[in-house]
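Structure incoming, see below.
The values are calculated or read from the model by the stated rules, or taken from the named source; none is laboratory data. For clarity, every value in this text was computed on a predicted model and none was experimentally measured. Cβ atoms come from the backbone with ideal geometry, glycine included; neighbour counts cover every protein chain shown. Just the protein is used for accessible areas: all its heavy atoms, side chains included, with ligands, DNA and RNA removed. Shrake-Rupley method; radii C 1.70, N 1.55, O 1.52, S 1.80 Å.
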Amino acid sequence: MNVYHFKKGTEICNYSYSGNILAIRLNRQRLLVCLEESIYIHNIKDMKLLKTILDIPANPTGLCALSINHSNSYVAYPGSLTTGEIVLYDGHSLKPVCTIAAHEGTLAAIAFNSSGSRLASASEKGTVIRVFSVPDGQKLYEFRRGMKRYVTISSLAFSMDSQFLCASSNTETVHIFKLEHLANSRPEEPSTWTGYMGKMFLAASSYLPTQVSDMMNQDRAFATGRLGFSGHRNICTLATIQKLPRLLVVSSSGHLYVYNLDPQDGGDCVLIKTHSLLGSGTSEENKENDLRPPLPQSYAATVARPSASAASTVPGYSEDGGALRGEVIPEHEFATGPVCLDDENEFPPITSCRGDQQDKATPS
């Protein structure tokens with residue numbers, strides 16, 4: 001493993017390991033190196049090896065997660081070869097926290113939210129996604145991605161505010177789930193025949209087998225993004241770009257797809273731009289937006305459709321997270337160009353750790 005300072009174009013240090021490096025994760029305090037049967041935790045300030053977690057179950061895909069919140073630096077990795085057991089480890093105190101029985105089948109994907117207070121997981125079956133609280137490991141949410149079997153979940157990602165969770169797989173659909181409990185907002189007594197039947201249906205589920213009742217109580221996707229392909233590995237994430245929520249999907253073919261996400265109504269996400277990451281860097285606007293009927297218009301269609309005043313203003317929602325339809329964002333609040341961070345004082349500093357540190361990182 002080589003660590004470089006890209007701004008100065010110099011190598012900070014390098015390490016050698018006993019096996020192939022399958023994954024690397026880092027935040028401002030810890031650097032995690034995952035091998036098939038061991039995990040190395042380094043202190044990112046001086047790159048010293050702090051802990052080696054040995055004798056973990058075989059992990060040929062290098063599945064692991066590290067919280068980007070450096071105040072806790074939680075680490076998660078598979079704890080079993082046959083079941084979806086997750087080991088939660090405190091990368092700050094270098095002590096195990098708990099073991100979470102997340103799924104019956106083996107794990108396919110795990111991810112922390114930005115604060116390190118929640119952990120999402122999916123099994124190789126790929127039909128159910130669960131969210132657990134950290135550090136106690138209690139189940140908070142359970143979502144059903146679909147009824148298909150053997151769907152490979154390739155990535156899970158929370159939005160920065162932890163209100164949404166997206167999941168991509170080897171199918172042509174990216175699912176977005178909304179993390180909210182609706183039980184407290186439901187009326188005590190249903191006011192319609194449909195509501196009454198729904199309440200009776202949920203009550204009857206308590207008399208059914210556990211697997212059946214769990215499936216009935218699982219929440220479905222809040223929004224979906226449709227890809228023009230399937231069978232390719234891809235990675236998804238949720239971001240806020242110029243104060244508008246976006247779904248970003250990168251495919252193994254070298255393309256970045258940008259979708260609009262309606263934070264209020266969900267539904268189908270509108271593809272608004274495609275970037276080629278391997279070619280000239282040109283982008284293409286989605287021409288299908290111009291073919292949509294003018295009425296009715298959803299919030300997603302409104303923000304995606306170009307208008308005559310698009311050069312100076314754009315409809316969006318307020319910065320504090322409250323969705324206000326039709327609010328106009330002033331042009332001066334937009335970023336004037338690419339964000340350039342001055343990382344002269346950022347970690348890791350330039351240190352000479354090539355010789356003796358390399359020997360320390362090499363397991364005996």
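Looking for something at negative phi, touching a strand residue (DSSP E or B) at 6+ places or on another chain (Cβ under 9 Å), at pLDDT 95 or above and among the aromatic types (Phe, Trp, Tyr) - is there at least one such residue anywhere in the stretch 26-41?
Yes, the stretch 26-41 has at least one match.
Looking at the stretch 10-48, which of the residues that are basic (Lys, Arg) and within 30 Å of LEU81 (Cβ to Cβ) is surrounded by the fewest Cβ atoms within 10 Å (Cβ to Cβ)?
Among them, the one singled out is ARG25.
Follow-up question, since we're still on this one. Name the one entry in GLY126, GLY91 that is buried (at least 19 other Cβ atoms within 10 Å of the Cβ), over 15 Å from the mean Cα position of the chain (by Cα) and closer than 26 Å to ASN234 by Cα. Steps first, answer last, please.
On the way: GLY91 fails: closer than 26 Å to ASN234 by Cα.
Exactly one residue qualifies, and that residue is GLY126.
Another one. Which one of these does LYS7 not meet: (1) surrounded by fewer than 12 Cβ atoms within 10 Å (Cβ to Cβ); (2) modelled with pLDDT of 90 or more?
Going through (1) surrounded by fewer than 12 Cβ atoms within 10 Å (Cβ to Cβ); (2) modelled with pLDDT of 90 or more one by one, LYS7 breaks only (2).
Is the stretch 151-158 home to any residue that is open to solvent by 60 Å² or more (accessible area, probe 1.4 Å) and either farther than 24 Å from PHE229 by Cβ or part of a loop (DSSP other than H, G, I, E, B) (or both)?
The answer is yes, given that some residue of the stretch 151-158 is open to solvent by 60 Å² or more (accessible area, probe 1.4 Å) and either farther than 24 Å from PHE229 by Cβ or part of a loop (DSSP other than H, G, I, E, B) (or both).
Return yes when SER162 is open to solvent by less than 20 Å² (accessible area, probe 1.4 Å), polar (S, T, N, Q), without any contact (Cβ under 8 Å) to a residue 40 or more places away in the chain and in contact with a strand residue (DSSP E or B) (Cβ under 8 Å, 6 or more places away or on another chain) and no when it is not.
Considered against the rule, which asks whether it is open to solvent by less than 20 Å² (accessible area, probe 1.4 Å), polar (S, T, N, Q), without any contact (Cβ under 8 Å) to a residue 40 or more places away in the chain and in contact with a strand residue (DSSP E or B) (Cβ under 8 Å, 6 or more places away or on another chain), SER162 comes out as no.
Consider ASP268 carefully, then state whether it is modelled with pLDDT of 90 or more and surrounded by 18 or more Cβ atoms within 10 Å (Cβ to Cβ). Step through it out loud before you land on a result.
On the way: modelled with pLDDT of 90 or more: yes; surrounded by 18 or more Cβ atoms within 10 Å (Cβ to Cβ): no.
No.
Looking at (1) at pLDDT below 95; (2) farther than 24 Å from LYS178 by Cα, which is the only condition LEU63 fails?
With (1) at pLDDT below 95; (2) farther than 24 Å from LYS178 by Cα applied to LEU63, the lone miss is (1).
For the stretch 171-182: of the residues being in a loop (DSSP other than H, G, I, E, B) and either farther than 18 Å from TYR259 by Cα or open to solvent by less than 10 Å² (accessible area, probe 1.4 Å) (or both), which is modelled with the lowest pLDDT? Full working, then the answer.
From the stretch 171-182, those in a loop (DSSP other than H, G, I, E, B) are 171-172, 179-182; that's our starting set.
Next, from what is left, pick out any that are either farther than 18 Å from TYR259 by Cα or open to solvent by less than 10 Å² (accessible area, probe 1.4 Å) (or both): 179-182.
Working: LEU179: 94, GLU180: 83, HIS181: 64, LEU182: 47.
Within the stretch 171-182, the match that is modelled with the lowest pLDDT is LEU182.
Do you know which residues across the stretch 53-73 are open to solvent by 30 Å² or more (accessible area, probe 1.4 Å) and either among the hydrophobic types (A, V, I, L, M, F, W, C) or in contact with a helix residue (DSSP H, G or I) (Cβ under 9 Å, 6 or more places away or on another chain) (or both)?
Answer for the stretch 53-73, where residues must be open to solvent by 30 Å² or more (accessible area, probe 1.4 Å) and either among the hydrophobic types (A, V, I, L, M, F, W, C) or in contact with a helix residue (DSSP H, G or I) (Cβ under 9 Å, 6 or more places away or on another chain) (or both): LEU54, ALA58, ILE68.
Follow-up. Being among the hydroxyl-bearing types (Ser, Thr, Tyr), in a strand (DSSP E or B) and either open to solvent by less than 20 Å² (accessible area, probe 1.4 Å) or over 23 Å from ARG233 (Cβ atoms) (or both) narrows it down to one residue among THR82, THR99; which is it?
THR99
Are any residues in the stretch 232-254 in contact with a Ser or Thr (Cβ under 6 Å, 6 or more places away or on another chain) and farther than 15 Å from HIS175 by Cβ, and if so, which ones?
Selection gives HIS232, ARG233.
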